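Note sheet for the following structure.
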Amino acid sequence: MELIINGKKGNYPDGQNALDILAGLDGDIKKNALAAKLNGEVIELAAPIHEDGELTFITFEDDDARHVLRHTASHVLAAAVKKLYPNAKLAIGPAIDTGFYYDFDVEEPFTPEALDAIEKEMKRIIKKNEREVRFTLPRDEAIALMEEHGEPYKVELIRDLPEDEEISFYKQGDDFVDLCAGPHLPSTGRIKAFKLLSIAGAYWRGSEKNKMLQRIYGTAFTNKEDLDEYLAMIEEAKKRDHRKLGRELDLFDVLDEGPGFPFFYPKGMVLRNVLEDYWRKVHVQAGYQEVKTPMILSRELWEKSGHWENYRENMYTTRIDDQDFAIKPMNCPGGMLAFKRRMWSYRDLPVRMGELGLVHRHEKSGTLHGLMRVRCFTQDDAHLFMTPEQIKEEIIGVFNLTDQVYKVFGLGYKVELSTRPEKSIGTDEMWELATEGLRGALDEIGVPYQVNEGDGAFYGPKIDFHLRDSLGRTWQCGTIQLDMNLPERFDLSYIGPDGEKHRPVMIHRVVYGSIDRFIAVLVEHFAGAFPLWLAPVQAKILTITDRADDAARSLKQKLTAAGLRVETDLRNEKIGFKVREAQMLKIPYMLVLGDQEAENGTVSLRTRSGKTINGLMQDEVMEGLVAENDSQALEGHWN
RNA sequence: GCCAAUAUAGCUCAGUUGGUAGAGCAGCGGUUUCGUAAACCGCAGGUCAAGGGUUCGAGUCCCUUUAUUGGCUCCA
């Protein structure tokens, strides 16, 4: 069989596989060969076979190869749905990080039972090992074909493609044809392991104004072991869900009585306070002052800031003495007033004013999610006022502070830059200057970042820090927003070296983001097994019999005096039972006291990881605990 | 807000085709004084999310509302 690789003709003898072909190619062509290594095994990927037998080869990294596998699986899903529901209209079906999905317009939503039937049909198609064949058509013929197939969504997609482009399709087996840029696996039999996971509603083209379609999610792997491992991983991840651990570890909860309004219990408050104490410490070091502004402020203020106009629907309001007031959804207007209280000299700048501010927002019911998305939360806010010359340095300062804080917790993060949205206030010049300020700072720091066009705040562009939860979903935590609009609206000024009034530039920023959300991230990150300095209970003293009670009480007193958070368990229970309970509460250290220890002033120390060290002197343990606590270590001293 | 699923004791869950609610753990009361992940016995605990309907009879079927979960949209 003759083939053409990047315009060069070559041979693809029968019986030769992609690996052989790859080995025979030189660098440039090899880069474009259609084969990939997946788990070390080279697999052949779908050759876009033209009717004249011409082949084009493209290479992929492992991730891309998995992508192709999943993309092909989504088309098998579409074929199965079309078989079982001939009236279903096809929308889109891409591969995603964790698998794939396909959107359908069907008369009746899919039921969980339908999912099983679809899965069965997919297995049948895979077993038949149907060939995936690519072909292209000119635009109008492509539209005609999809109209003939009764696929209005596909027609709409083609109409949005560039006019002069050939449209590519894949034919799978005898009768299933789908619009697709490809590539695909050469045949359906290559899908060795897949599973449909869930059904969800999703708007056509992601717009609330459009029809809601039915989306089926699934995942696929090259072998069953990988699939099983993935499914087991999901189950494992569910165990570290902060909503579950929050209840189990008695930290916090969200009750039906207050949807989106979380309760923090004593142990949760310890964690919260540790985070706040640490926050205050690093912010004082970074030259911040702290303020507290009111929770309820007048409607006029929110009109001036623009929030009344832009976020009225999401604000809780109240009336006092026949006047409209709003419960603050943000701290910035209050921050403006706190800055405006006096006259500032350029010598005073930058002014950095922090505030742990409790804000309330009416989030839509369907968006609430444990502590990650709530209706009231504390922002570790700060507003920085500066001259235009200080912008870059201040942004870099905030970035480094955020990086420093995340590192202490061992958290990795993703950086995104969001630019001017459609709904915005301020002049083009301001947006240009602000956006370039952020971009310039990121480039100077040299951190990789993703640009989200049009995703900025209505008053300015922003840099966001995203953290992952246990299931890999990302949540925005830190943010740095350059705001050149509010200083204008609030007529802020400082006196420059020339003795004239000048407009300061403002940065609005958070590091944790929401303390509540950050706690959720931390719980999932550590699976509830916090490092010593964060642990609500750092050590539990367990007695073997009540003969050690006095020794336990005095040890607790000593450790508490040294600034440690210690509890005793003097119950009349067996030591195994006490250990089990402390273990389930993920307490870092258990200090076991029996007759022997009570007599010679030692403890038997047991770590959370199950390691036991007998006969440690109590003073030695105390010193070790204090040192570990002060160092904010992620790893335990005795591990 | 939208699509779907779910809601039974503090927690995790059983409850057959409609016949009037059950287990384990936790809790409480006893007994047990015991060396590193569960001692034994007993007791108590529920307007089956709320409201309405069908039925002789509803935890089971239907409707509405609320909340939760997974997505979508949104997220200053």
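The values are calculated or read from the model by the stated rules, or taken from the named source; none is laboratory data. Computed from a prediction, not measured in an experiment: that's the story for all the values here. Cβ placement follows ideal geometry from the backbone for every residue including glycine, while neighbour counts extend to all protein chains displayed. Please note that ligands, DNA and RNA were not included when accessible areas were found on the heavy atoms of the full protein model with its side chains. Shrake-Rupley method; radii C 1.70, N 1.55, O 1.52, S 1.80 Å.
Shape verdict for the range A:212-307, please, from the Cα gyration tensor: rounded (a/c under 1.5), prolate (a/b greater than b/c) or oblate. Here the range A:212-307 falls in the prolate category.
For A:Gln557 and A:Lys611, FRET efficiency with R0 = 25 Å and r from the beta-carbon atoms, rounded to 0.05?
The formula returns an efficiency of 0.45 here.
Multiplying each eigenvalue of the alpha-carbon gyration tensor of the range A:403-500 by 5 and taking the square root yields semi-axes of 29, 17, 13 Å, largest first, rounded to whole angstroms. What the range A:109-246 shows is 54 Å² of accessible area per residue, with the surface traced by a 1.4 Å probe over protein heavy atoms. Using a probe of 1.4 Å, the accessible surface attributed to A:Lys558 totals some 80 Å² when neighbouring protein chains are kept in position.
Over the range A:159-215, Cα pairs under 8 Å with separation of 6+ residues give a relative contact order of 19 percent. Protein-only accessible surface at a 1.4 angstrom probe places the residues A:Tyr346, A:Tyr101, A:Tyr589 in the order A:Tyr346, A:Tyr101, A:Tyr589, largest first.
Here the alpha carbons of the range A:396-436 define both size measures, Rg and Dmax, at 14.6, 40 Å. Amide H contacts under 5 Å for A:Tyr316: A:Ile327, A:His362, restricted to partners 5 or more places along the chain or on a different chain, H placed in the peptide plane at 1.01 Å from N.
For the range A:445-536, the percent of C-alpha pairs falling in each 5 Å distance bin, counted from 0 to the bin holding the largest distance, reads 3, 11, 15, 16, 15, 12, 10, 8, 5, 3, 2, 0. Normalising the average separation of contacting C-alpha pairs (under 8 angstrom, six or more residues apart) by the number of residues puts the relative contact order of chain A at 9 percent.
Summarised as an ellipsoid, the range A:325-449 has semi-axes of 25, 22, 18 Å, derived from the eigenvalues of the Cα gyration tensor scaled by 5 and square-rooted, with the largest first.
Calculated accessible area for the range A:461-524 comes out at 27 Å² per residue, all protein chains present (probe 1.4 Å; ligands, DNA, RNA ignored).
Residues in the range A:85-94 carry Karplus couplings, in order, of 10, x, 7, 5, 9, 8, 10, 10, x, x Hz; the curve used is 6.51 cos²θ - 1.76 cosθ + 1.60 with θ = phi - 60°, and Gly or Pro positions show x.
Taking the helices alone, chain A has a mean residue ellipticity at 222 nm of -11000 deg cm²/dmol, built from -39,500 (n - 2.57) per DSSP H run of at least 4 residues and averaged over all its residues. The fraction of accessible area contributed by carbon and sulfur in chain A is 49 percent, rounded to a whole number (1.4 Å probe; ligands and nucleic acids excluded).
Measure up A:Lys556/A:Lys611; A:Lys239/A:Lys281; A:Lys238/A:Lys364; A:Lys83/A:Lys211; A:Lys267/A:Lys574; A:Lys127/A:Lys238 against 31 Å on the Cα-Cα distance and list the ones that go over. Table pairs above 31 Å Cα-Cα are A:Lys239/A:Lys281; A:Lys127/A:Lys238. Per-residue surface analysis assigns A:Glu156 an accessible area of about 70 Å², computed on protein heavy atoms at 1.4 Å probe radius. Roughly how tilted is helix A:575-584, in degrees to the nearest 10 and between 0 and 90, from the longest Cα axis of chain A? The angle comes out at about 60 degrees. When the surface is traced with a 1.4 Å probe over the full set of protein chains, A:Asp160 keeps roughly 100 Å² accessible.
Close amide H pairs (under 5 Å, H built 1.01 Å from N) link A:Tyr512 with A:Asp380, residues at least 5 positions away or on another chain. If both residues of a DSSP beta bridge must be in chain A, then about 85% of such bridges are antiparallel. When only Cα pairs below 8 angstrom with a gap of at least 6 residues are kept, the range A:249-395 shows a relative contact order of 25 percent. Projected onto their three principal axes, the Cα atoms of the range A:137-250 cover extents of 63, 39, 22 Å, largest first. In a DSSP loop and with at most 16 other Cβ atoms within 10 Å, the GluC sites (Glu not before Pro) in the range A:558-639 are A:Glu573, A:Glu635. Taking the Cα centre of each part, how many Å lie between the range A:570-639 and the range A:504-560? Distance between centres, Cα-based: 15 Å. Distance from the C-alpha centroid of the range A:194-265 to that of the range A:92-168: 26 Å, rounded to the whole angstrom.
How are the Cα pair distances of chain A distributed, in percent, across 10 Å bins from 0? Calculated P(r), rounded to whole percents: 3, 12, 18, 19, 19, 16, 10, 3, 1, 0.
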